[in-house]
1. R0 = 35 Å: FRET efficiency of residue 222 with residue 245, Cβ-based, nearest 0.05?
2. Where Lys and Arg each count +1 and Asp and Glu each count -1, what net charge lies around residue 66 among other residues with Cβ under 9 Å from its Cβ?
3. At a 10 angstrom cut-off on C-beta neighbours, averaged per residue, how do the peptides 44-52, 123-131, 261-269 rank from highest to lowest?
4. Could you order the peptides 165-171, 234-240 from most to least packed, using the average number of other C-beta atoms within 10 Å per residue?
5. Around residue 237, what is the net charge, scoring Lys/Arg as +1 and Asp/Glu as -1 over all other residues with Cβ under 14 Å from its Cβ?
6. Tabulate in residue order the Karplus-calculated ³J(HN,Hα) for region 169-179, using 6.51 cos²θ - 1.76 cosθ + 1.60 with θ = phi - 60°, rounded to whole Hz; enter x for Gly and Pro.
7. Provide the net charge surrounding residue 228, with neighbours chosen by a C-beta distance below 12 Å and charges set as Lys +1, Arg +1, Asp -1, Glu -1.
8. Note the full-extension length gain between residue 51 and residue 237 as 0.36 nm times their separation in residues minus their Cα-Cα distance, in nm to one decimal.
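Nothing in this text is a laboratory measurement; each read-out follows from the coordinates by a stated rule. In this text the structure is predicted, and so the values were computed from the model without any measurement. Don't worry about glycine lacking a Cβ; one is built from the backbone with ideal geometry, like all the others, and counts go over all protein chains shown.
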Amino acid sequence: DPGGLERTDVTAMPEAAPASHDPAPRGTLRVIMVAVDFADPASAAVEYASRLALLHGAELTLVHAIEADTLTAPDTLDLEAAGTESLARIEASVRARGLRVRSTAEVGAADGVVLDAERRQPADLLVVGVGAQIGGHRPGLGRVADRLVRAAQAPVLAVPAGFQTPDPMVRTILVATDFSRESEIAARTAITLIAAPSPPSRIVVLHGCDVPADYGVVANAAVLSKMLADEELAARARLERWGRDLPESEWAIERIVRQGYAAGLIGEEARRVDADLIAVGTHGRSGLSRLLLGSVAERVLHDAPCPVLVAHQERAGDAAAVAASGTA
């Protein structure tokens, strides 16, 4: 316990037993939690979260981790004091915009601190910045985002460093689908929770056809070509049925099937259609879908030109269902 310091709260969060609140009613976010590390990615995340909070009338919770490996430094007390002071300034600037905000700074690994905060004070959305490393030697929140999407209860919104939040915030949503229930949940979450105050005008649905590498060992070019053609034909038929269960609105749905590696296709299409938001699904906290597995996750979360919403079945499914029904 260096210096007797274990936890510093700027505005203390209630020490409630782990629990989850009822999902937000249709078109609302009640609590938005933001991971803060004072670098450029976190600044973009705070701005995006603040704009969302203004649209929804939500409360912001700012969470900062004082990395445990810094506690051996001679200037530990100075580091903690500086972090607490910086967090207080951000809180004050957010409050000056008329928002309700609370903040907490704790000693520990960033992902653990954020996840502990979420367990104490459940959120409807967890926002984290992604981008360059901090200090050149330890991961910033961008790398922490990889771990948060695996373990957080709430949907995670990753905001690229330097992203300029447009107005309206969401005009085009790119949904990456593997035809799983999780990818539909991600789309519904994006529409009903992120974009609800100002519905998107366009939804672009993307499916990537990619034959596994080991097929190339046993199949010749003609066989592989036919396999891809058959998969693409089947995917187009399935995409025609996609979106029938989404909330009714006036948006246009554009359906795209392309051959190639999922992660690269998602980034390319996001740029081509000028997407404001990418929505992808996971198979819950026990593991990621193939859209967000290993290097795919790395590329989608860290190379996307716009925020990426990652939703999984446990919490996001419940929230989306309630949002669609319009009940609290």
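1. Computed FRET efficiency for residue 222 and residue 245 comes out at 0.35.
2. On the way: positive: none; negative: 67, 80, 106.
Neighbour charge sum, excluding residue 66 itself: -3.
3. 123-131, 44-52, 261-269
4. By packing density, highest mean first, the sequence is 165-171, 234-240.
5. Working: positive: 236, 238, 241, 244, 255; negative: 230, 231, 232, 240.
Overall, the nearby charge balance is +1.
6. So the J values, rounded to whole Hz, are 5, 10, 10, 10, 10, 9, 9, 8, 10, 10, 6.
7. Values: positive: 226, 258; negative: 210, 230, 231, 232.
Cβ neighbours under 12 Å give a net charge of -2.
8. Value of the extension gain: 63.2 nm.
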